[in-house]
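The values are calculated or read from the model by the stated rules, or taken from the named source; none is laboratory data. Note that the structure is predicted; figures quoted are calculated from it, not measured. Virtual Cβ from ideal backbone geometry, glycine too; neighbours counted across all protein chains shown.
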Amino acid sequence: MVRLFAEANHDIVHIPFFSVRQFEAAFVSQRTHDGFELVTARIDGELVGVIFGFTEIPGEQYAVCELMVSPRHRRRGIAKRLHDELLRLRPEHRADLYVRKDNAPAQAAYKKWGWVKVGQVQPTAEAPVLDELQLPLPGSGS
């Protein structure tokens, strides 16, 4: 999964907040949270996509932490299928994620999938300001 992260984020892994080391440390922590779920996509046994998240506020909010697809396999609907599979049975009322303001492909995809910008956040002092998006979840009746 680390190799996929580096490949999918090759243009930003030189930035400390988006480094492989930071990703590994965050993943170790995030996977211990309640409600953690990870969905993968494989083609001929090769890991080509991953999405994961955890319950941020029980019964209320699910945090989508990472969605990545190998550049060699983009524009085939893999990200959308991963996204839908992760979120389709969540009991929370909404999902929340952060996305880089300059990540036009991700911004466009999230908008198409129904996500709405609700603000901006700077998760840590060394992080850039990111857009915060939210999505009502289908299982919540919202």
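Determine, yes or no, whether A79 is in a strand (DSSP E or B), aliphatic (A, V, I, L, M) and touching a residue at least 12 places away in the same chain (Cβ under 8 Å). Judged against the criteria, A79 is not a match. In summary, R94 fulfils each of the numbered conditions (1) surrounded by fewer than 17 Cβ atoms within 10 Å (Cβ to Cβ); (2) touching a strand residue (DSSP E or B) at 6+ places or on another chain (Cβ under 7 Å) with the single exception of condition (1). The residues of the stretch 18-48 that are under 14 Å from the mean Cα position of the chain (by Cα), in a loop (DSSP other than H, G, I, E, B) and surrounded by 14 or more Cβ atoms within 10 Å (Cβ to Cβ) amount to a single one, F36.
The listed residues are A125, A79, and the only one of them that is surrounded by fewer than 20 Cβ atoms within 10 Å (Cβ to Cβ) and of a type in the set (G, A, S) turns out to be A125. Applying the condition of being aliphatic (A, V, I, L, M), closer than 19 Å to E37 by Cα and assigned to a strand (DSSP E or B) to the stretch 88-130 and asking which residue is farthest from the chain's Cα centre (by Cα) yields A95. Note on the stretch 57-85: among residues that are at pLDDT below 95 and in contact with a His (Cβ under 8 Å, 6 or more places away or on another chain), the one that is nearest to A6 (Cα to Cα) is P71. The set of residues from the stretch 42-57 being within 15 Å of L87 (Cα to Cα) and of a type outside the set (A, V, I, L, M, F, W, C) comprises G53, T55, E56. Restricted to the stretch 107-132, and to residues there that are modelled with pLDDT of 95 or more and small (G, A, S), the residue that is nearest to K80 (Cα to Cα) is A109. Taken over the stretch 60-72, the criterion of being out of contact with any Ser or Thr (no Cβ under 8 Å at 6 or more places or on another chain), buried (at least 17 other Cβ atoms within 10 Å of the Cβ) and not hydrophobic (A, V, I, L, M, F, W, C) is satisfied by E66, S70. Within the stretch 3-17, being part of a helix (DSSP H, G or I) and within 13 Å of the chain's Cα centre (by Cα) holds for F5, A8.
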